[in-house]
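Laboratory data are not the source of any read-out in this text; all were calculated from the coordinates shown. Predicted, not measured: the structure shown is a model, and the values here were computed from it. Positions of Cβ are generated from backbone atoms using ideal geometry, with glycine treated the same way; all protein chains shown enter the neighbour counts.
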Amino acid sequence: MREIRYQLSNEYFDHLNDLRSSIEVNQRHGFKVVFNPVREEMSTDSEIEMLKLQRDFGIETIEWIG
């Protein structure tokens, strides 16, 4: 399965609806979505939103950077 990685930071969560739409489209086209959050660039609120996205879209893989 092809995969697409999202290198997440707080900036992504400023545009949460765009991020949700992007994940939905990529999954519909057969991509496995992987989150690569950048530890130094993630607030607690962003981490919570990331976990909600993980739950909502069934994303299994989170590989932290940093």
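Compare the Cα positions of Ser22, Leu8, Ser43 along the charge dipole of region 3-62 (+1 at Cβ of Lys, Arg; -1 at Cβ of Asp, Glu; about the Cα centre) and return the one farthest towards the positive end. Result: Ser22, furthest along the dipole toward the positive end.
What do you get for the angle between helix 16-28 and the principal long axis of the chain? Use alpha-carbon atoms, 0 to 90 degrees, nearest ten. Once rounded, the angle reads 30 degrees. Rounded to the nearest 20 debye, the dipole magnitude of the chain is 380 debye, with +1 charges on Lys and Arg beta carbons, -1 on Asp and Glu beta carbons, and the Cα centre as origin.
May I ask you to work out the translational diffusion coefficient for the chain at 4 °C, viscosity 1.567 mPa s, via Stokes-Einstein with Rh from the Kirkwood sum over Cα pairs, reported in whole µm²/s? Let's see the in-between values first.
Working: Rh = 11.8 Å.
Here the translational diffusion coefficient equals 110 µm²/s.
In loop segments of the chain as defined by DSSP, the trypsin sites (Lys or Arg not before Pro) with at most 13 further C-beta atoms inside 10 Å of their C-beta are Arg2.
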